[in-house]
Amino acid sequence: MRTLRAELTGDSYVTVQSLTVRGRTPVLTLCRELLTRGFSPTLRLEVYREGTLALTVRSLRERGALTVAEGEASPRFLPWRPLPEDLRGRPHPDT
């Protein structure tokens, strides 16, 4: 199985090849972006931080379909849904 290597920088940036994405959940965001760019849904992703393997994604399809919900309880994975059309293009409140 083919594997891509990505590098996580800080808590909101991840880079693979010449593509860098930023997000609250950067690895999940990267998986979705790679899928939209035509990468294989079964592609494996290894994410490193400062040269140390931090996490492995078994498939872009699997993790690209998720987001993280935070609340009073511990964070949990939920199915990802795109933003409604009227909210797209607005800056994230944390920027």
Evaluate the following for Leu53: is it of a type outside the set (Asp, Glu) and more than 23 Å from Ala69 (Cβ to Cβ)? yes
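Okay, residues lined up against (1) under 12 Å from the mean Cα position of the chain (by Cα); (2) farther than 26 Å from Ala69 by Cβ:
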{"position": "Ser12", "(1), (2)": "yes, no"}
{"position": "Thr15", "(1), (2)": "yes, no"}
{"position": "Val21", "(1), (2)": "yes, no"}
{"position": "Arg24", "(1), (2)": "yes, no"}
{"position": "Leu34", "(1), (2)": "yes, no"}
{"position": "Gly38", "(1), (2)": "no, yes"}
{"position": "Pro41", "(1), (2)": "no, no"}
Flagged in the range 15-39 as hydroxyl-bearing (Ser, Thr, Tyr), surrounded by 14 or more Cβ atoms within 10 Å (Cβ to Cβ) and without any contact (Cβ under 8 Å) to a residue 40 or more places away in the chain, in numbering order, are Thr15, Thr20, Thr29
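Values in this text are rule-based calculations from the coordinates and carry no lab data. Being a predicted model, the structure only gives us computed values, none of them experimental. Glycine also receives a Cβ, built like all others from the backbone with ideal geometry; neighbour counts cover every protein chain displayed.
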